[in-house]
Every structure is written in C-alpha cells, then in structure tokens.
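The values are calculated or read from the model by the stated rules, or taken from the named source; none is laboratory data. Note that the structure is a prediction, hence the values are computed from the model and not measured. No Cβ is skipped: glycine too gets one built from the backbone with ideal geometry, and neighbour counts run over all protein chains shown.
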C-alpha cells in the first residue's frame, strides 16, 4: 500500500498542547494545519467544548450543507464529497481517563476529517437510503422552493453523514478498517485509540442501531410539517438539552427557527412542489411528449428481470423514483382532461408496481440500517 508522505509532527504538537491549552491561538493552529494537509477542503473553524455533564461525543466533524446543497445531493447521481466543514473537540477526549497519546489523537483526527472530505461514499449511502425509504413507503420526494423546507432536509443529511462516518458512532462489533489512516502511517494508533474509547466511555450509539434514524425522521417531518411541527419542536428542544456538542445544538436551533418561520398557509399539505432537477426534466418531457415514459416502462420491466447486483438496483430505483415525481408534477401542473388524467395516473400506478417488483429483488444489503424491510442476508 502506498504511503502518504507528510510530516505529521505539527499535528502531534498541536494535539499534545490542546490537553492543557485550548486557546483561540491553539485552535487556529489546528485549523491551519488541517487546511494545509487536506488541501482540497476547508476547515472553517475549530471549536473546543468543555463537556462536564453530557454524553461524550469525542470529535464532531460537521459538513457544511445548506438547503440548496441538500437538493443537489438528492437529485443528482454525480459523485460528491464535501469541501467545507467545522470541527468540534470534546474536552473529555483529552481526559486522563482515556489517556490518549498524541499519535492516537492524530489518528482519530485523520479518520474523522478524512471520512468527510476524501470520499463520496457517505453521500452515496445517504442517497441510497433515501431512495429505499421512498420505495418502502411508496412515496416521492418533491422539493419545496422554500429555504425553510430545504433546511429540514439539510439537517437530516448532515446528521446522517456524521453517523455513517464517525468513529464515535461505530458499534462495538464493527471493524476499524481505514485505508487512508493506514496510508498516513497511523493504522495501529487508530485501533488502540478505538479500544480505549470502547473500554472507557459510553458512546452515542450504544442504544441506537439505526444510524439513519434522524434522516427518516426528517423525511417524515418534511412531508407532514403541518401535523408534525409541534412534536418536532418539542423533540428538538429536548435534544438540545441532551448533547454537549455546540455544533449539534446549532443545527437543531436552525431547524427550530425554520419550523417557526414556515407559514401555516404555505404548508405543503397535498400540493406537489418540484425538484429543480425534476423541473428541467419535465420541460424536456413536455417537448418530447409524455409518451416517452410509457415507452420506457417496457424497458424497465425487462431490465428489472435481469438485475443481480446492488449498485444497478439502486440506480434503477433512483430512476424510477424520478419518473414517478415527473408524472406527479405533470398531473398536478397541467390542465388535463378526465381521460388524460386517468391515463397518466394509470402510468404512475404501473411505475409503482415496478418499484414494488424491484423491492422484492434479493439484492439489497443490510448496511442501509433497516430502511428496507423484505430481504434476507445475501452472500455475494
């Protein structure tokens, strides 16, 4: 395996100094060093939180995702990774109880930041989880032009990315296998650090096996703000009191502010609002004619019969979800005769059946943490 050539001595000095000096100067030194090493991304700020009485969170790397970025993530198939983030350090990470060495702290840092900025895999997992959730619940995801609604989705995405990538969210029986950290020469230090953390702390995920539970919650909230807002506000305020993380509190406060700003008269209810990407495709479809969707139905029927791998199935699931959204948009926005409305509603029903058939294919992995319901464990 190729070794990454970099002098990590400055990282070690900073992490060692942070045990006794958490000044702004020291935190800025860490930010500067992170931006020097991870050249294609930007650490916007490093925060040190004195955690005396709340659950241990270790390190929190929060990707910067606004509402528009959330929409882009959900509507695109392009490989995407995050190029900006905030870093928060839990004071208990430096406690004598854990007794983490400077090298172990560097290993954790490389793991936490590297998993956010180096790879598009977390985004791909979130996209797949959303597609599976929509198929399971026979829904389409349609995006409001309101920034407040988009920020609800952004919160779910950010929370999920952290849960999927953080060392502090791993289950005890999950294996630490980080090629990037190994390439940096810190593989053994990461393993020893993780062993100390498991032995000496009560970690966040101890009682929560579904790392995407907040993503599912935000999808439900987004679809039913009118009926879920009061309970959501209560839950978010309770959540603020349970975490020591300033970044997590800031994210929850943002959602609370968004929910309070949504005008009751402007709630989605049963109105179909659009993806920007769906909008563009719909315009093209109107030019070519909706008949194209009818022609594609036969093609999708044939392709589903021959699917035998996860990636192909997930890609087709995304394509079918998109076409259902297109049909929903067409029915909702066009002045249709009764026969035309019946025709396209029937077509939507056929695509729903296709989606159900795809869901019965035994190709989905359990790595999606329970968003799918009917699949056995597979040996690939």
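Please work out which residue is farthest from residue 113 (Cα to Cα), limiting yourself to the stretch 73-84 and to residues that are modelled with pLDDT of 80 or more and within 14 Å of the chain's Cα centre (by Cα).
Looking at the filtered set, the residue picked out is 74.
Please give the number of the condition residue 252 fails out of (1) within 21 Å of the chain's Cα centre (by Cα); (2) modelled with pLDDT under 95; (3) surrounded by 17 or more Cβ atoms within 10 Å (Cβ to Cβ).
Checking residue 252 against (1) within 21 Å of the chain's Cα centre (by Cα); (2) modelled with pLDDT under 95; (3) surrounded by 17 or more Cβ atoms within 10 Å (Cβ to Cβ), the one that fails is (2).
Evaluate the following for residue 300: is it more than 20 Å from residue 142 (Cβ to Cβ), out of contact with any strand residue (DSSP E or B) (no Cβ under 6 Å at 6 or more places or on another chain), in contact (Cβ under 8 Å) with a residue 24 or more places away in the chain and outside the structural domain of residue 76 (by TED's automatic domain parsing)?
yes
Considering the stretch 303-321 alone, what residues qualify as being in a helix (DSSP H, G or I) and out of contact with any helix residue (DSSP H, G or I) (no Cβ under 7 Å at 6 or more places or on another chain)?
Step one: list which residues in the stretch 303-321 are in a helix (DSSP H, G or I), which gives 303-305, 310-321.
Within the stretch 303-321, 305, 310, 311, 312, 315, 319 qualify.
Does residue 246 satisfy the criteria of being farther than 28 Å from residue 78 by Cβ, at pLDDT 80 or above, surrounded by 11 or more Cβ atoms within 10 Å (Cβ to Cβ) and in contact with a strand residue (DSSP E or B) (Cβ under 9 Å, 6 or more places away or on another chain)? Walk me through it before giving the result.
Working: farther than 28 Å from residue 78 by Cβ: yes; at pLDDT 80 or above: yes; surrounded by 11 or more Cβ atoms within 10 Å (Cβ to Cβ): yes; in contact with a strand residue (DSSP E or B) (Cβ under 9 Å, 6 or more places away or on another chain): yes.
Yes: the conditions hold for residue 246.
List the number of the failed condition for residue 52; all other conditions in (1) in contact with a helix residue (DSSP H, G or I) (Cβ under 7 Å, 6 or more places away or on another chain); (2) more than 28 Å from residue 222 (Cβ to Cβ) hold.
Residue 52 satisfies all of (1) in contact with a helix residue (DSSP H, G or I) (Cβ under 7 Å, 6 or more places away or on another chain); (2) more than 28 Å from residue 222 (Cβ to Cβ) except (1).
Would you point out which residue out of 291, 258, 206 is modelled with pLDDT of 90 or more and either within 29 Å of residue 85 (Cβ to Cβ) or assigned by TED's automatic domain parsing to the domain that holds residue 346 (or both)?
Just one listed residue meets the conditions, 258.
Quick one: would you say residue 99 is in contact (Cβ under 8 Å) with a residue 24 or more places away in the chain and surrounded by fewer than 16 Cβ atoms within 10 Å (Cβ to Cβ)?
Judged against the criteria, residue 99 is a match.
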